[in-house]
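Peer 1: Sending over a structure as structure tokens; questions will come in a sec.
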Amino acid sequence: MTAWRRDFHRHPELGFEETRTAGIVADLLKQWGIAVETGIGETGVVGTLTGTCGTGGNRAIGLRADMDALAMPEMTGADYASTTPGKMHACGHDGHTATLLGAARWLAANRDRFGGTVHFIFQPAEESLGGAARMVKEGLFDRFPVDAVYGMHNLPGLPVGTIAVPKGAVLASSDTWEVTFRGAGVHGARPHLGTDAPLAAAQFIAALPMIVAREIDPLQAAVLSVGHMAAGQRRAPNVIPSEVFLCGTARAFTEEVRSHLEARLVEVAHSVATICRVQAEPHYIRRISPTINRAEQAAVAVRAARSAVGEGLTMDDHPPLTPGEDFSEFLLARPGAYVWLGTGAPAHPEGFHHNPHFDFNDAALPHGAAFWCTLVEQELA
């Protein structure tokens, strides 16, 4: 698993470009006698294995790993660092793929340990490009029916080998918003002759925290953040520009809060524009739904974790986190659960997800594979 992981790390591929990674995955699965389908969601791979234990062969479950990397430079200094400038596995998907491959190899060699069917789902384009939705849209669960689907993601900071299973909310929705304010540009020394789009943008930014702080239940959680601003010219500080563009992210754990953020962001943009006598064009783009574990499958995952890694490395109620994850698309289609795999303290103090110093800890690989194998044995007993 370490060899596979480091090979994937040397050769990162962005979303829907994972042809090399998918090819290696498919070839390995075939070598182990696992039926393989490729090209699902463009570069996705699904391996299907049926157990031979007993007669309970009607149940089926899916296990998912994501394969894509991020468009960013690597600064780990590892001897297996990315050989492709501007691309790196900064979120550990190389480790997820290697972990599921390890489990697939063991299960293929021990198919007498379970009955029913397991589908190994290797998903492309998790990083903001909608790979999960693409696979579902192309009939993933029609072609490979499952009673439940499970996902796993590494989590630096948790002790190595820990399996943490949240109850209910796991990760937040991840939406994007954009607002353009348009006014009448004018000389900065004579602002009364124009209408001030930058002033409207400033008031809008100042109002965003009010939505979260005063309109969302304190026992809920929500995030509205500005990620980009564009206006005017750096060499023309004496010009009030006629247009300001803002965009950012919105996060929530429930559809009710998500809808409230959408409605109020649009209302506040228009209200501020009215006050400042400019025009506003707000857009709210729904991207990724909240990732919510089902109680039954979360309990199954906890039981498997206790058997695989022991009580001391099992957390049965991990708090929700505000990043987003398109595994939520699978959970909207089928019941399931999403778990965290602890990878210990990062080797570099900045080495958390989406940082150029991030590197998956190979010591966690056998723990993750053991969890997958135990889950299959128990779910398909």
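The values are calculated or read from the model by the stated rules, or taken from the named source; none is laboratory data. This one's a predicted model, so the numbers in the text were calculated from it and none came from an experiment. Positions of Cβ are backbone-derived with ideal geometry, glycine not excepted, and every protein chain shown enters the neighbour counts.
Conditions (1) at pLDDT below 95; (2) among the hydroxyl-bearing types (Ser, Thr, Tyr); (3) under 13 Å from Gly185 (Cβ atoms), marked per residue:
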position: Ala206; (1), (2), (3): no, no, no
position: Val212; (1), (2), (3): no, no, no
position: Asp217; (1), (2), (3): no, no, no
position: Leu224; (1), (2), (3): no, no, no
position: Gly232; (1), (2), (3): no, no, yes
position: Ser242; (1), (2), (3): no, yes, yes
position: Leu246; (1), (2), (3): no, no, no
position: Arg251; (1), (2), (3): no, no, no
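Peer 1: Restricting attention to the stretch 128-141, does a residue exist that is assigned to a strand (DSSP E or B), farther than 26 Å from Pro346 by Cβ, among the hydrophobic types (A, V, I, L, M, F, W, C) and not assigned by TED's automatic domain parsing to the domain that holds Val268?
Peer 2: For the stretch 128-141, residues assigned to a strand (DSSP E or B), farther than 26 Å from Pro346 by Cβ, among the hydrophobic types (A, V, I, L, M, F, W, C) and not assigned by TED's automatic domain parsing to the domain that holds Val268: absent.
Peer 1: How about the stretch 179-199: which of its residues are surrounded by fewer than 16 Cβ atoms within 10 Å (Cβ to Cβ) and among the charged types (D, E, K, R)?
Peer 2: Arg190, the sole residue that qualifies.
Peer 1: Test Ala369 against the criterion of being among the aliphatic types (A, V, I, L, M) and not in a helix (DSSP H, G or I), and give yes or no.
Peer 2: no
Peer 1: Can you give me the number of residues within the stretch 156-169 that are farther than 15 Å from Asn293 by Cβ and part of a strand (DSSP E or B)?
Peer 2: Residues in the stretch 156-169 being farther than 15 Å from Asn293 by Cβ and part of a strand (DSSP E or B): 0 in total.
Peer 1: Is it true that some residue in the stretch 1-13 is surrounded by fewer than 21 Cβ atoms within 10 Å (Cβ to Cβ), in the same structural domain as His354 (by TED's automatic domain parsing) and touching a Cys at 6+ places or on another chain (Cβ under 7 Å)?
Peer 2: no
Peer 1: Of the residues that make up the stretch 246-265, is at least one on the phi < 0 side of the Ramachandran plot, of a type in the set (Gly, Ala, Ser) and surrounded by fewer than 16 Cβ atoms within 10 Å (Cβ to Cβ)?
Peer 2: yes
Peer 1: Could we say that Ala337 is within 15 Å of Gly151 (Cα to Cα) and assigned to a helix (DSSP H, G or I) here?
Peer 2: no
Peer 1: Taking the stretch 20-38 as the search range and keeping residues that are part of a helix (DSSP H, G or I) and either touching a residue at least 24 places away in the same chain (Cβ under 8 Å) or hydrophobic (A, V, I, L, M, F, W, C) (or both), which one is surrounded by the most Cβ atoms within 10 Å (Cβ to Cβ)?
Peer 2: Only one residue tops the list, namely Val25.
Peer 1: Next up: Just to be sure, is Ala301 of a type in the set (A, V, I, L, M, F, W, C) and either under 30 Å from Ala148 (Cα atoms) or part of a strand (DSSP E or B) (or both)?
Peer 2: yes
Peer 1: Suppose we keep only residues that are without any contact (Cβ under 8 Å) to a residue 60 or more places away in the chain and under 25 Å from the mean Cα position of the chain (by Cα) within the stretch 39-68. Which one would you say is surrounded by the most Cβ atoms within 10 Å (Cβ to Cβ)?
Peer 2: Met67
Peer 1: Please enumerate the residues belonging to the stretch 200-209 that are surrounded by fewer than 19 Cβ atoms within 10 Å (Cβ to Cβ) and touching a residue at least 12 places away in the same chain (Cβ under 8 Å).
Peer 2: Once the filter is applied, which keeps residues that are surrounded by fewer than 19 Cβ atoms within 10 Å (Cβ to Cβ) and touching a residue at least 12 places away in the same chain (Cβ under 8 Å), the stretch 200-209 yields Gln203, Ile205, Ala207, Pro209.
Peer 1: Sticking with this one: Go through (1) on the phi < 0 side of the Ramachandran plot; (2) among the charged types (D, E, K, R); (3) part of a loop (DSSP other than H, G, I, E, B) and name the single condition Glu42 misses.
Peer 2: With (1) on the phi < 0 side of the Ramachandran plot; (2) among the charged types (D, E, K, R); (3) part of a loop (DSSP other than H, G, I, E, B) applied to Glu42, the lone miss is (1).
Peer 1: Answer yes if at least one residue in the stretch 312-331 is aliphatic (A, V, I, L, M), over 14 Å from the mean Cα position of the chain (by Cα) and closer than 20 Å to Asp147 by Cα, and no otherwise.
Peer 2: The answer is no, given that none of the residues of the stretch 312-331 is aliphatic (A, V, I, L, M), over 14 Å from the mean Cα position of the chain (by Cα) and closer than 20 Å to Asp147 by Cα.
Peer 1: Continuing with this model, one more query. Residue check, Thr99 against (1) among the hydroxyl-bearing types (Ser, Thr, Tyr); (2) surrounded by fewer than 24 Cβ atoms within 10 Å (Cβ to Cβ); (3) modelled with pLDDT of 95 or more; (4) in contact with a strand residue (DSSP E or B) (Cβ under 8 Å, 6 or more places away or on another chain), all met but one. Which one?
Peer 2: Unmet condition: (2).
Peer 1: Evaluate the stretch 259-274: report whether one residue or more is of a type outside the set (A, V, I, L, M, F, W, C), assigned to a loop (DSSP other than H, G, I, E, B) and either at pLDDT 95 or above or assigned by TED's automatic domain parsing to the domain that holds Ala103 (or both).
Peer 2: no
Peer 1: Also, quick follow-up: Which of the numbered conditions does His283 fail, given that it passes all the others? Conditions: (1) out of contact with any Ser or Thr (no Cβ under 7 Å at 6 or more places or on another chain); (2) farther than 23 Å from Ser174 by Cβ.
Peer 2: His283 satisfies every listed condition except (2).
Peer 1: Only residues that are in a strand (DSSP E or B) and surrounded by fewer than 16 Cβ atoms within 10 Å (Cβ to Cβ): list them for the stretch 275-284, please.
Peer 2: First pass over the stretch 275-284, keeping only residues in a strand (DSSP E or B): 279-284.
Within the stretch 275-284, Glu281, His283 meet the criteria.
Peer 1: Considering every residue within the stretch 314-331, establish whether at least one is part of a helix (DSSP H, G or I), in contact with a helix residue (DSSP H, G or I) (Cβ under 7 Å, 6 or more places away or on another chain) and aromatic (Phe, Trp, Tyr).
Peer 2: yes
Peer 1: Now a separate question. Would you point out which residue out of Thr274, Thr322 is touching a strand residue (DSSP E or B) at 6+ places or on another chain (Cβ under 7 Å) and hydroxyl-bearing (Ser, Thr, Tyr)? Full working, then the answer.
Peer 2: Details: Thr274 fails: touching a strand residue (DSSP E or B) at 6+ places or on another chain (Cβ under 7 Å).
The conditions single out Thr322.
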